[in-house]
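Participant: My structure is below; once you've seen it, I'll send some questions.
Values in this text are rule-based calculations from the coordinates and carry no lab data. Remember, it's a predicted structure, so these values are computed and weren't measured experimentally. Positions of Cβ are generated from backbone atoms using ideal geometry, with glycine treated the same way; all protein chains shown enter the neighbour counts.
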Amino acid sequence: MTKGEDTRDRILQHAMAIASEVGFEGLSIGGLAKSAEMSKSGLFAHFESKEDLQLQVLAAARRSFVDNVVAPSFRVGRGEPRIRALFEEWLTWEEGRVTPGGCPFVTASHEYDDRPGPVRDAVVAAQRDWVGAIATAAQIAIDEGHFRIDLDTDQFAFELFGIFLSFHLYYRLLDDPEARQRARTAFERLIESSR
């Protein structure tokens, strides 16, 4: 990795942390330059515009999600064990292991759900890929004989995503100390109904 690539990655890590807490619209070149201990002009050398910065932060968040949630889960057996691992890693991701404000995609989803443009398109693509990956994992669980053959995998993905979004609300906003256990209880009910 070149020095320029290393600097860019460091900037993106700072930007991801900021975006997770204040949102992607809250990202500013000035604030990011201060956080990354760089000059504004030094930061501009890496990003053409605020939108370019936002898109690159989303791309970095996507890579980080794969590294921190998906990849560890793929070290677990196929089917239900992998779905369980994905769920646990996903909860840990939301709790702020990588970014202090939790999942940057939840933040971006709220900001851009009704705002057309390239940033929204990137958020939609990332979320659709993740929902598709959950549905595929459920199909693999069917193929492995862990889930019933008539399971609607798209509905499974919908319900699992709903559990995660509920966890986000209870953990982040309501500060419920039982949030993780509530999410696990809902998850176990979903798994049981899928067998």
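Participant: Among the residues of the range 68-93, what is the count of those that are under 14 Å from ARG184 (Cα atoms), of a type in the set (Asp, Glu) and over 14 Å from the mean Cα position of the chain (by Cα)?
Facilitator: Selection size over the range 68-93: 0.
Participant: Same structure again: Filter the helices (runs of 4 or more DSSP H) completely within the range 94-195 down to those with at least 1 residues that are over 22 Å from ARG78 (Cβ atoms) and under 13 Å from the mean Cα position of the chain (by Cα).
Facilitator: Result: 104-112, 118-143, 153-168.
Participant: Out of the residues in the range 12-67 meeting the condition of being in contact (Cβ under 8 Å) with a residue 12 or more places away in the chain and of a type in the set (Ser, Thr, Tyr), tell me which one is nearest to ALA85 (Cα to Cα).
Facilitator: Among residues in the range 12-67 that are in contact (Cβ under 8 Å) with a residue 12 or more places away in the chain and of a type in the set (Ser, Thr, Tyr), the one nearest to ALA85 (Cα to Cα) is SER64.
Participant: With the requirement that a residue be part of a helix (DSSP H, G or I), more than 19 Å from TYR112 (Cβ to Cβ) and not small (Gly, Ala, Ser), what does the range 1-27 give you?
Facilitator: Once the filter is applied, which keeps residues that are part of a helix (DSSP H, G or I), more than 19 Å from TYR112 (Cβ to Cβ) and not small (Gly, Ala, Ser), the range 1-27 yields LYS3, GLU5, ASP6, THR7, ARG8, ASP9, ARG10, ILE11, GLN13, HIS14.
Participant: So, in the range 149-165, of the ones that are in contact with a helix residue (DSSP H, G or I) (Cβ under 7 Å, 6 or more places away or on another chain), more than 11 Å from VAL106 (Cβ to Cβ) and not charged (D, E, K, R), which residue ends up surrounded by the fewest Cβ atoms within 10 Å (Cβ to Cβ)?
Facilitator: Going through the qualifying residues, I end up with ILE149.
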